[in-house]
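Take a look at the structure set out below.
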Amino acid sequence: MDRRDFLKLSGLTASTLVLGGCEDYHARLEAYAVRPEDMVPGMPTYFATACEMCPAACGAMARVVEGRVLKLEGLPGHPVNHGGLCALGQASVQMEYHPDRFYGPDIRTTRGQPSTEYLALERTVHEAFASTSRPTKLIDNMKVGVMSFGKPDFKLGDRKWADAHAQTARTWPAAISRLARGLTSGGAATLILVGHQIRGHRHALLADLATALKAPAPVVVEPFGDDATRVANAAVYGRPELPTYDLANSELVILFGDDLFTSGLAPTYYTWGYGAMRRARPDIRGMLVVVGTRFGEAAAVADAFIAVRPGTHGAIAQALLPSSSGGISLAQAATLTGASPDQIEELALLYRTLKPVLAIGGTEVAAQTNAVPALAAIAALNVAAGSVNRAGGVLAPPPPPIADMAPPAPASYRVLRQWADSMAAGAIQSLLLVNVDPFLAFPDAYDLQGAIQKVPFIASFSTLPDDGTAMADLIVPDSTFLERWGDSTPAVGVGAAVGNLIQPPVDPFFASKPVEDVILAAAKEAGHDLGHADGEAYFKAMWAKLAPDTSVPGTQSPWVKALRVGGISRSASGPDYDAHLPILTAPVAPAFRGDPATRPFHLVPVRSTKYRNGLGSALPWMQEWGDPMVTGAWGGWVEINPKTAARLELNPYDEVKVESDRGSLLLGVVIYPGLPEDAVAIPLNFSRVCGTRYDSAAGGSVWEATQKVDPGRGADVRALLEEVIEPRSGQLAWGATRVSVTPTGRQVPPGKLVLVSKSIQAQENPALPHVIHREFKVWPIG
Amino acid sequence: MADWISDKGLQTATGPRAAGRRWGLVVDLDRCTGCGGCVIACHAENNLALAGPLDTDQGRSFDWIRIERYWDGEYPDLKAQFIPIMCQQCEAAPCEPVCPVFATYHTAEGLNAMVYNRCIGTRFCENNDPYNVRYFNWFEPALNWPDPLANQLNPAVTVRSRGVMEKCTFCVQRIRDHEELARIEGRVMKDGEFTTACAQSCSAKVLIFGDLDDPGSEVSQLVQSDRRFRLFESLGTEPVVYYLKGGQG
Ligand code: SF4
Ligand code: SF4
Ligand code: SF4
C-alpha cells in the first residue's frame, strides 16, 4: 500500500463506510483483520507539515488518531517557531471540524441564496448528526469512566452521512464546469484576489492561470498591509522585504507601536526571540523599551514604556539620531510627543551604550498618515547604531529554497481600491475570491458590496462562510491545510532559508477539494491546460526542481525527505543590505479626520491577539479565550481610560455609542488603564455580516441561522474608520479617525461584553487575584 | 487513575513520596509575552469544553491554565505583569482533605489527581483552593461540542460532563504514555523526552516540566535560581510549580 492509499484509509473515520448504491463515493470498508500501515488503534501518528493560519509559516506536526486529526504541535527546531505554536495555530483543528464549514460545492442560481440542492444537503448532514451519528457517539464513549473510543458505530446516522457525502461528491463536476465557464466569460477581465494561504506554489499556480487567461496577476489581500514598512525599508535598507529582526542576540530592543509578539506577522518567531533575548545568554539579559500610545502586551513585558500621542512615535526615533541626518532635540521630541524629557534622555543613553540595538516599527506606527517617514526614522536608528547586517540587529532574509516560492507581497489599500473601482465600473467580468474575504481589508466607508455586486460572475473558494463568499455565484470550498498539499515560506525573515511542505494528514472531512485540484480541472475544461493532473502531482513537480543532495550516497529525494521532516531549511542570510542613513525632514505630523470639538477621542484600533488577521474570529476557542490585557472574550468592546470614564460617569458594562463621521457602533465599556485620556481603543474583531455562528450577527449556515443570532457579534471597528490613505505607500491609515463617545444610559445586554476575569474592572475588590497582586508588588519590575 | 486504590491512605497533608519521581513545573516569567499559546494548547489537549458567551460571562468558562495580569500605576507611568497560572499541584494541597468522596487526592508521584467519576460536585475543593484553578463543569458535553466539533476530542483524556470538578492534571496522559513507552523499551524515562501540552506550545520556553527529584533534570537546575518563588508561599501549601521572577536580577 502506498502512502496515499493509507491516507485515504486513515480518512475513513472522518468520512464513512460505503454502503450499497454509492459507487462514486471514495471511502471504503476497512476490514478489521487488515490493519492499515502506520495505524495502530489508539496510538497517535504524527505527520510533519506546516501551519497555514497566518503568514508566519510555522512548522507543525499533526497528531492523527484513527483517521482523525486531533491536535497540531510545533515542529521541534523549526526556524520560525522553534517547537512552539501560537494560540491560533493550536485552535486550527477547529477549522477542520467547524460546524459551519461548507459541506461541498454550491452552484447558486440567485446570488446570496444557497441553492435548493445545497440546502437539502445541509439538511441531510444535520439529520445525520442528529441521529445516532458518530459525533454524539464519540462523546458518549468518552464520557466519565470510559477512557477510550469504542469501535466507531456505523448505524443509521452514518448511512445518512454517507448519502450526503455521495450526493456532494456528485456536484463537483458540475461545479468545475461552472467555474470553467466563468473563466471563459471572464478571460482577460478576470480578477483573482487571494489570501495569505495562497502562497508558495499555490500562488505560482494561480499566477499561471492569470497568464493563461491574459488576466492581471493575482492580488494578495491582507487586512493589515505592510506597504508602509516595505516603502520605508526600501528607502533605508535598500530593499523592501521584511527583514530578520534578530531579537535573540540583541541587547536593547526598542519597539515602536505595540504588538510584535502576540499579533504581528510571526508571533511565534518573535516570542521565541524575546524569550531568548531575556534569558538564553548566561550573562546578558536584553532590555526592551516600548514607545507607544496604547499600553498593550509588549508594554506589559517591557522594562520601560514611553507613552506618546497617536502618530508621533517617529519623533522619538528622530530625537536619538544625529542632527546631521535630521535628528531633533530631546526637548522638541518631548513637546511633539508628550513624553517626558527624562524618559527620552534615558532611552537615548541606553541607545548609545547598549550594543547591538534593534529598533522595530509596529502596526501602531504603520496605521498613521505619516507611517513612511516615521518607519524610516525608526529604521534609521538601526543604521546609525551599526545594527544592519549584524547579529542582534537587522539581517537580510535569504532567498527561499525554491525560487518561485518567495512570499508574495500584499497589495496596498490604494491598489485594492483601484481594483474595487474597476469592479464598480463594470470592468471585471469574473472575480475569484481564493481563500480571502476582501471585506476585512476595507473600511465600511467604501462601498465594496456595491462594487462587487457589479461583477457578473463570482466564485469563492473559502472553507468557511464569510461576507465575500455570501456574494458568490459559485462556492467551491477549499480543503483545510490538514487535508491538502501546499508549501510555504515565512512572510518575514527568520534567519534561515525555509521551505515548508504541507502534506494532508487526513482526507477532507466534508466533500471539499483543494484549490489547485479545482483550478487545474476548470482551467483544462476552459481550454487552458496548466500541465498537471492534480495538486499532488503539481507539488511533486515543483519540488522536483530541488537538486537531490548527491554528496551522501543513498540520500532520499528532496520530496521524500521533506515529507519526513516537514520541508527544507538551511541557515543563511541574504545578500547584505546596502543601507544608508537617510536625511530626514522635520517630523511629519499625523493627520486625523474628525473635528476635535465634536469628536474628542482618537480611535486606536487594536490588532488583537485573539482575532489576528481575521481567521481567529471564526474559531470558538479564539472567541472564548480572554485576551491577555482585558480578558475580553466573544466579540468586541471599547477601552476607555479610568479618568475619562469617571468624567463621563461611565461604569464597566455600560453601553456607549462610539461615533465617527462615517458610522457608529454600540459597544460595552471596559475601563482600561493603558490608554491616554483622549483616546479610546477597539479591538479589530473582524465580525462579519454573513460569517459563521461564532463571528457574525446573523451567522452560520442558513440551516441554523435562526438559532444563532447573538447580540455580541456584528460590531466591528471597520464601521467607524475613515478612508484615509497614507500618501507615500498607499496603505490604509486605520489609526487616523476621531470619534465621540456617548453613553446610552443602558448596560449592554447579557453576552455582548464578556470578560473572563472581572478583576481589571474592580481593583479595589479584595478578591484573590489582588491578594496575589500584593505579593507581586515586591518584584523588581523593570 | 488506576493507582488510586494503592494510593489510598497516602493522602496526607504532606503528601506521599514513593514513586521515585516528583513532577514539577518551572515558569520563567521573564520570558513570557502573554501570547496565550499555552492556554489554547491545554484546551486542545485536554478536551476543555466551550461555555459560549452567556456562560463565560457568568464565570463558567474553562482555562486550566490562564494568563493573569497585574497592573500597577496610572497611565503613562504604568506597569503590568503577566503570570500564567495553573494547578500548583501542592504537596500540602488544601483542596484534597476536604473532598468527602476522595475524588481528589495526591498520587505517589506528587500529582494532585481528580477521579472524575467519583466527584459528586460538592465544590468544597474549589472553595478551599487558594489559587482559583479548579473549574466546575456546568455543561452536558454534547451541547457544547456542536457537531462535528466533537471529532477533535482527544481519546486519551476523559470528556467531563456536568457536575464534576476539573483542573490541570500536569497532562497525566502524557506521563502515562511515556512511562509505558519506557517500560516497553526497557529503559528509564529521560528528562525532557516529553512535556506537557502548554510547555510544548510555548515558543518562548517559559514553561519547563520535569522530575524535581532527578538532580540532573532541567527543572531541578532551574529551581536553584535565586529568582525563584512560589505563589502564596506563606500559606504552606508547598506548590511544585516554581516561578522565576521577571525583571532584572
Ligand atoms: S504564528 Fe501563524 S503559522 Fe505560526 S502557529 Fe500561529 S497561526 Fe500558525
Ligand atoms: S505560551 Fe509561553 S509566552 Fe505564551 S503566554 Fe504561555 S507561557 Fe507565556
Ligand atoms: S500541564 Fe497540561 S493540564 Fe496542566 S495547564 Fe498545562 S496543558 Fe493544561
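The values are calculated or read from the model by the stated rules, or taken from the named source; none is laboratory data. Remember, predicted model here, so these are calculated numbers, not experimental data. Note that each Cβ is placed from the backbone with ideal geometry, even for glycine, and that neighbours are counted across all protein chains shown. Side chains are part of the model used for accessible areas, which takes the heavy atoms of the whole protein and leaves out ligands, DNA and RNA. Shrake-Rupley method; radii C 1.70, N 1.55, O 1.52, S 1.80 Å.
The table below gives the values:
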read-out: Residues of segment B:51-77 classified as within 21 Å of A:Gly751 (Cα to Cα) and more than 16 Å from ligand 3 (Cβ to nearest atom), total; value: 10
read-out: Hits in segment A:62-71 (condition: basic (Lys, Arg) and either more than 8 Å from every other protein chain (Cβ to nearest Cβ) or in contact with a strand residue (DSSP E or B) (Cβ under 6 Å, 6 or more places away or on another chain) (or both)); value: A:Arg63, A:Lys71
read-out: Hey, B:Val206 in contact (Cβ under 8 Å) with a residue 40 or more places away in the chain and among the β-branched types (Val, Ile, Thr) or not; value: yes
read-out: Some residue of segment B:78-85 being among the basic types (Lys, Arg) and more than 16 Å from ligand 3 (Cβ to nearest atom); value: yes
read-out: Residues of segment A:84-110 that turn out to be open to solvent by less than 10 Å² (accessible area, probe 1.4 Å) and within 16 Å of ligand 3 (Cβ to nearest atom), as a count; value: 7
read-out: Members of segment A:59-70 found to be assigned to a loop (DSSP other than H, G, I, E, B) and open to solvent by 10 Å² or more (accessible area, probe 1.4 Å), listed by number; value: A:Glu66
read-out: Residue among B:Gly210, B:Gly236, B:Gly192, B:Gly216 that alone is surrounded by 21 or more Cβ atoms within 10 Å (Cβ to Cβ) and not hydrophobic (A, V, I, L, M, F, W, C); value: B:Gly210
read-out: Tally of residues being closer than 30 Å to A:Trp559 by Cα and either of a type in the set (Lys, Arg) or touching a Cys at 6+ places or on another chain (Cβ under 8 Å) (or both) across segment A:390-421; value: 0
read-out: Unique match (being open to solvent by 10 Å² or more (accessible area, probe 1.4 Å) and within 9 Å of chain B (Cβ to nearest Cβ)) among A:Pro652, A:Pro642, A:Pro628; value: A:Pro642
read-out: Residue, farthest from ligand 1 (Cβ to nearest atom), within segment A:38-61, restricted to residues that are closer than 20 Å to A:Gly486 by Cα and within 12 Å of another protein chain (Cβ to nearest Cβ); value: A:Met61
read-out: All positions within segment A:78-91 that are more than 7 Å from ligand 1 (Cβ to nearest atom) and touching a residue at least 12 places away in the same chain (Cβ under 8 Å); value: A:His78, A:Pro79, A:His82, A:Gly84, A:Ala87, A:Gln90, A:Ala91
read-out: Per-region count, segment B:51-88, residues closer than 26 Å to B:Trp138 by Cα, open to solvent by less than 10 Å² (accessible area, probe 1.4 Å) and β-branched (Val, Ile, Thr); value: 3
read-out: Near pairs, Cβ below 8 angstrom, 6+ apart or cross-chain, from segment B:70-90 (more than 7 Å from chain A (Cβ to nearest Cβ)) to any residue that is polar (S, T, N, Q) and part of a strand (DSSP E or B); value: B:Cys87/B:Asn112; B:Gln89/B:Asn112; B:Cys90/B:Asn112
read-out: Residue within segment B:145-163 that is open to solvent by 30 Å² or more (accessible area, probe 1.4 Å), farther than 30 Å from A:Val125 by Cβ and in a loop (DSSP other than H, G, I, E, B) present; value: no
read-out: Helices (runs of 4 or more DSSP H) contained entirely in segment A:290-343, each with at least 3 residues that are open to solvent by less than 10 Å² (accessible area, probe 1.4 Å); value: A:297-301, A:313-320
read-out: Test: residue in segment A:488-503 that is farther than 20 Å from A:Asp466 by Cβ, assigned to a helix (DSSP H, G or I) and out of contact with any Ser or Thr (no Cβ under 9 Å at 6 or more places or on another chain); value: no
read-out: Candidates A:Gly200, A:Gly195, A:Gly186 - the one that is at negative phi, open to solvent by less than 10 Å² (accessible area, probe 1.4 Å), within 15 Å of ligand 1 (Cβ to nearest atom) and of a type in the set (Gly, Ala, Ser); value: A:Gly195
read-out: Residue match in segment A:72-83 (condition: at the interface with chain B (Cβ under 10 Å from one of its Cβ atoms) and on the phi > 0 side of the Ramachandran plot); value: yes
read-out: Residue ranges of helices (runs of 4 or more DSSP H) in segment B:1-65 with at least 1 members at pLDDT below 95 and over 30 Å from A:Gly286 (Cα atoms); value: B:4-7, B:52-57
read-out: Counted residues, segment A:344-376 - those being closer than 23 Å to A:Ala679 by Cβ, part of a helix (DSSP H, G or I) and hydroxyl-bearing (Ser, Thr, Tyr); value: 1
read-out: Residue that is most open to solvent (accessible area, probe 1.4 Å), among those in segment B:21-38 that are over 14 Å from B:Cys87 (Cα atoms) and more than 16 Å from ligand 1 (Cβ to nearest atom); value: B:Arg21
read-out: Verdict on A:His82 being away from ligand 2 (no atom under 16 Å from the Cβ) and either assigned to a helix (DSSP H, G or I) or at pLDDT 95 or above (or both); value: no
read-out: Meets criteria (more than 10 Å from every other protein chain (Cβ to nearest Cβ), surrounded by 20 or more Cβ atoms within 10 Å (Cβ to Cβ) and part of a helix (DSSP H, G or I)) for B:Ile175; value: yes
read-out: Selection count, segment A:208-220, where residues are open to solvent by less than 30 Å² (accessible area, probe 1.4 Å), among the small types (Gly, Ala, Ser) and assigned to a helix (DSSP H, G or I); value: 1
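To keep it simple, each residue is scored yes or no on (1) assigned to a loop (DSSP other than H, G, I, E, B); (2) at pLDDT 90 or above; (3) surrounded by 23 or more Cβ atoms within 10 Å (Cβ to Cβ).
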residue	(1), (2), (3)
A:Gly712	yes, no, yes
A:Arg728	yes, yes, no
A:Trp734	yes, yes, yes
A:Thr742	no, yes, no
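For every residue, the table says whether it meets (1) within 16 Å of ligand 2 (Cβ to nearest atom); (2) over 27 Å from A:Leu88 (Cβ atoms).
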| position | (1), (2) |
| --- | --- |
| A:Asp246 | no, no |
| A:Phe261 | yes, no |
| A:Pro267 | yes, no |
| A:Asp303 | no, yes |
